[in-house]
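Accompanying notes for the structure given below.
No lab work stands behind these numbers, since they all come straight from the coordinates. Predicted model only: the values in this text are computed from it and were never measured. Cβ placement follows ideal geometry from the backbone for every residue including glycine, while neighbour counts extend to all protein chains displayed.
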Amino acid sequence: MPANKKLLLLPGDGIGPEVMREVRRVIDWMDRKRRVTFELSEGLVGGASLDATGEPITSETVTRALAADAVLFGSVGGPKWDHLGFALRPEIAILTLRRELGLFANLRPAIVLEPLVNASSLKPEIVRGLDIMIVRESTGGIYFGEPRGIEDLPDGTRRGVNTEVYTTTEIERVARVAFDLARQRLAAGKGGKLCSVEKANVMESGLLWRQTVTALHARDYPEIELSHMYADNCGMQLVRNPRQFDVIVTSNLFGDLLSDLAAMLTGSLGMLPSATLGAPDSAGRRHALYEPIHGSAPDIAGRGIANPMAQMLSFAMLLRYSFDMEEDASLIERACTNVLASGLRTADIMVPGAAKVGTSVMGESVMREMDKLAA
Ligand code: IPM
Ligand code: MG
């Protein structure tokens, strides 16, 4: 294991910087208690970058992201930048990083932790123990497909165009990530099923998706139980009986929708991390970016009340997927669960009878729990 791991922190806007501060404590803790040292640098993205440079992300920041072992991203956007044109949206920062770093596999877990089982808007008996992983393709599909644009028509009306395109190569590489995850979960005694989601009934790209995943399954993953589902049905099934799923693999746009839906099954957007991975090189190294599912929450930014756990858990995913540090990843995860079980809550997950705390007390409590667990 290399001693120095290069991390680029991109806190972004809104609550991004304040929740990122709590991750810095975890990184300090790792530096002190573990033999790994992190080499940190920080950059601007989103509105913060727009204010400083006029661009949502500069090519210099992209270059630094390419050179890093892993990128930890906060969140971008806010009303201050809403009036800027399409090309200057703060969200361009994340889309640019996905494209430039080739981050095609977006892993979005939806896990219901027992202390938060009542936070869901669904009944506890429907969501208790839920542990699913959505693998969303994130560099292709309608987000990037050509032709695209808005054009003027001769009759004075206008026409907006986006194109859903997938090649077999794109489908196969993201399906492989999902099959591999299902295989790991099978080995770990949980799940081992993959549900591939498209609209093969109305879209050729969906039909090709289904054919490609089916062929890959037969060729390389016969032990995984594969099913196929139309995206609309998947939305319904996620609400009806979410525990029928284990790993889901789907396109960029369907994954955007279904992962928000799945996140809300847990009732706590402030708790959910994500990882976006590129292809491994011959040495097994891959570009990777980690970010919470929640947005920049401008309405509560700067007030010290945001939940830092999604950002901290994103760092746990970073340890797991970029550095193979499973033990430390699960240490952070267990520390978070224990802190919740002890009755501490930030405002977003507050329940009667719990103790309401702010961002930094929550962060400190996780650190104390890590000390205890590691003792
Ligand atoms: C997400 C977000 C992004 C997306 C936006 C901010 C571009 O909704 O990561 O899910 O649509 O991919
Ligand atoms: Mg989204």
Quarter of the surface of the C-alpha convex hull for the stretch 160-287, i.e. direction-averaged projected area in nm², equals 9.7
What fraction, in whole percent, of alpha-carbon pairs in the stretch 4-52 exceed 15 Å separation?
-> 51
Under 29 Å from the Cα of K33, which lysines turn up, not counting those fewer than eight places away in the same chain?
-> K5, K6, K372
Distance (nanometres) between label positions extended 7 Å along Cα→Cβ at E204 and L257 = 2.2
The answer for the per residue Cα convex hull volume of the stretch 284-359, in Å³, is 89
If you average 1/r over every pair of different alpha-carbon atoms in the stretch 215-357 and take one over that average, what Kirkwood value in Å do you get?
-> 17.6
Picking from D324, D152, D13, which is most flexible by a Gaussian network model of the chain using Cα springs under 10 Å?
-> D152
The stretch 246-311 versus the stretch 99-169: alpha-carbon centroid distance in Å = 11
Quote to one decimal, in nm, the extra length available between K372 and D180 on full extension: 0.36 nm per residue of separation minus the C-alpha distance between them.
-> 65.8 nm
Quick one: what does P(r) look like for the chain with 10 Å bins over all Cα pairs, in whole %?
-> 5, 23, 33, 27, 10, 2, 0, 0
Vicinal HN-Hα couplings computed from phi for the stretch 301-307 (Karplus, 6.51 cos²θ - 1.76 cosθ + 1.60; Hz; Gly/Pro x) | 4, x, 9, x, 10, 5, 7
Between L84 and T214, what length comes free when the chain is fully extended (0.36 nm per residue of separation minus the Cα-Cα distance, one decimal in nm)?
-> 42.5 nm
Based on the alpha-carbon gyration tensor of the stretch 191-239 and its eigenvalue square roots a ≥ b ≥ c, which shape applies: rounded if a/c is under 1.5, prolate if not and a/b is larger than b/c, or oblate?
-> oblate
With each label point set 7 Å from Cα along the Cα-Cβ vector, what nm distance links R35 and A354?
-> 3.9
If each of Q237 and L153 carries a label point 7 Å out from its Cα toward its Cβ, how far apart are those two points in nm?
-> 3.8
When the helix-only estimate is applied to the chain (DSSP H runs of n ≥ 4, each -39,500 (n - 2.57), divided by the residue count), what is the mean residue ellipticity at 222 nm, nearest 500 deg cm²/dmol?
-> -13000 deg cm²/dmol
Excluding residues fewer than 8 positions from K80 in its own chain, the lysines with Cα under 30 Å of it are K356
If we sort 75-85, 183-193 on the protection proxy, mean other Cβ atoms within 10 Å, highest first, what's the order?
-> 75-85, 183-193
Residue-by-residue Karplus 3J(HN,Hα) for the stretch 8-21, coefficients 6.51, -1.76, 1.60, Hz, glycine and proline x = 10, 9, 10, x, x, 10, x, 7, x, x, 6, 6, 5, 4
